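Report on the structure given below.
The values are calculated or read from the model by the stated rules, or taken from the named source; none is laboratory data. Owing to the predicted nature of the structure, the values given are computational and were not obtained by experimental measurement. So basically every Cβ, Gly included, is an ideal-geometry build from the backbone, and we count neighbours across all protein chains shown.
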Amino acid sequence: MKSQITNALSDFFFEYETPRQVLVRNRRVGVVCRLIQLGVLAYIIGWVFIYEKGYQTTDTAVSSVFTKMKGVGYTNVNGSERVWDVADYIFPPQGDSSFVVMTNYIITENQTMGKCPELEGANNCSSNADCDEGRFKRTGHGHMTGVCVQSTRTCEVLAWCPVEDDRKIPYPPHLMSAENYTLFIKNSVTFPTFGVTRSNLVEGIDTAYISKCSFHPEDDPLCPIFKLGDIVQMSGFNFETIAHKGGAIGIVIDWTCNLDVDVKHCKPDYRFHGLYGNPDEVDKTRASVGYNFRYAKHYMEDKIPKRTLLKVFGIRIDIIVKSLARKFDIIPTLTAIGSGVGIFGVATVVCDLVLLYLLPKREFYKNMKFKYTDTHPKDPDSETGSTETQK
């Protein structure tokens, strides 16, 4: 027993086993093997290393966006002239990455809290019984008093009076001059893994350049100043159409950087996408087309609280930062090489299947590849008597 254990340990530590190989001279199988290996090699080099950059590690950026709108709008509604500046037409005013530029509006001035009749339509009535006191309708403007106003045949409500009439949206839009507004975008990104910080104000962009440049996808692709009309056009919309009822546009700032080269080549790429606002939107139900919200300016007049209500139609701008930085790393490189070498085994498996199951001489190839051993024990207590045969 001791000698058997010693021999087993000796065989384990001091012997090396290698698989048996059979060289098969067959043109068809050889061509199949080389084609598979060539395909695997093309996959490793072309897809893994060149296209997917399998030799690099990746990181996404921590980003900050600051915006500033400039421009003056002019309206002349029923002989009333007015100039609109940034404080009037931008919501919210903090310079966020998501904001709304007002392009059209419905204004209801000098509203006071009181009792007044509703608009005709869903709030019609023929008697007080049609106006449930203490309730309000979903399409209504206030708290119903239970009175049916006979002059208008609508329910009386406690609300801001006179109630807003938004059934007709002004066309053409009041603020068509918004097409000439300019948007300044300042964006900073940091790739924490690589310790790299970049700004869209890259090398060569200074105060003198910004004061005279205007973004153009081919002639001036790095200028951070964008004309609102150009943004709408590059997103695939018509300005007058989207300005009428409002809509939304996405501005994507793409930071795709290869940090194996000089960091100065890491520059932003701007893309523009129309999100919604076209009359030919996919939504065939035409439900809630456009973009709008209400905004009230409160004030006191003769100690009476009043307000001016605006239903604002505008273009919502969403600035989205997309980032991916790559840099060489030995660990993903070795991983990619190792997985590629393992895939080469596919050629062996396919060729073995062809040899052993598809070719006319498959039995001959089986006998050459496999070595069969038959054991015929002569004595139950003996380990001798095994014979080895080849088929």
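Within segment 249-275, residues that are on the phi < 0 side of the Ramachandran plot and free of Cβ contacts under 8 Å to residues at least 24 places away in the same chain reach partners that are surrounded by 15 or more Cβ atoms within 10 Å (Cβ to Cβ) and of a type in the set (A, V, I, L, M, F, W, C) with beta carbons closer than 7 Å, at six or more positions or on different chains, in the pairs Arg271/Val252.
Given the structure, is Thr67 surrounded by 13 or more Cβ atoms within 10 Å (Cβ to Cβ), among the hydroxyl-bearing types (Ser, Thr, Tyr), outside any helix (DSSP H, G or I) and touching a Lys or Arg at 6+ places or on another chain (Cβ under 7 Å)?
When the stated conditions are applied, Thr67 does not pass them.
Taken as a whole, segment 52-59 holds no residue that is in a strand (DSSP E or B), of a type in the set (Gly, Ala, Ser) and within 30 Å of Ile320 (Cα to Cα). Considering segment 246-364, the qualifying strands (runs of 3 or more DSSP E), each wholly inside and each with 1 or more residues that are in contact with a Cys (Cβ under 8 Å, 6 or more places away or on another chain) and over 30 Å from Arg167 (Cβ atoms), run over 247-258, 304-328.
Please find, within segment 70-86, the residue that is surrounded by the most Cβ atoms within 10 Å (Cβ to Cβ) out of those that are over 19 Å from Ile225 (Cα atoms) and free of Cβ contacts under 8 Å to residues at least 24 places away in the same chain.
Among those that are over 19 Å from Ile225 (Cα atoms) and free of Cβ contacts under 8 Å to residues at least 24 places away in the same chain, it is Arg82.
In the set (1) surrounded by 11 or more Cβ atoms within 10 Å (Cβ to Cβ); (2) closer than 22 Å to Ile317 by Cβ; (3) out of contact with any Gly (no Cβ under 7 Å at 6 or more places or on another chain), Pro92 fails one condition alone, (1).
One line per residue, one yes/no per condition, for (1) touching a Ser or Thr at 6+ places or on another chain (Cβ under 6 Å); (2) in a strand (DSSP E or B); (3) surrounded by 19 or more Cβ atoms within 10 Å (Cβ to Cβ):
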{"site": "Val100", "(1), (2), (3)": "no, yes, yes"}
{"site": "Glu109", "(1), (2), (3)": "yes, yes, no"}
{"site": "Cys116", "(1), (2), (3)": "no, yes, yes"}
{"site": "Thr139", "(1), (2), (3)": "no, no, no"}
{"site": "Val147", "(1), (2), (3)": "no, yes, no"}
{"site": "Ala159", "(1), (2), (3)": "no, yes, yes"}
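Close Cβ contacts (under 6 Å, 6 or more residues apart or on different chains) running from residues in segment 92-116 that are within 25 Å of Val147 (Cα to Cα) to residues that are among the acidic types (Asp, Glu) comprise Thr108/Glu164; Lys115/Glu156. Scanning segment 118-130 for residues that are at pLDDT 85 or above, closer than 22 Å to Asp166 by Cα and part of a loop (DSSP other than H, G, I, E, B) yields a count of 4.
Within the set Gln4, Gln21, the sole residue that is exposed (fewer than 12 other Cβ atoms within 10 Å of the Cβ), out of contact with any strand residue (DSSP E or B) (no Cβ under 8 Å at 6 or more places or on another chain) and over 30 Å from Pro360 (Cα atoms) turns out to be Gln4. Of everything in segment 226-236 that is at pLDDT below 95 and not in a helix (DSSP H, G or I), the residue that is farthest from Ser98 (Cα to Cα) is Gly236. Within segment 201-214, does at least one residue satisfy the condition of being assigned to a helix (DSSP H, G or I), surrounded by 18 or more Cβ atoms within 10 Å (Cβ to Cβ) and either touching a strand residue (DSSP E or B) at 6+ places or on another chain (Cβ under 7 Å) or not assigned by TED's automatic domain parsing to the domain that holds Glu179 (or both)? No - not one qualifying residue is present in segment 201-214. Can you tell me which residue is farthest from the chain's Cα centre (by Cα) among those in segment 346-358 that are touching a residue at least 12 places away in the same chain (Cβ under 8 Å) and farther than 13 Å from Gly30 by Cα? Applying the filter and picking the extreme gives Leu356.
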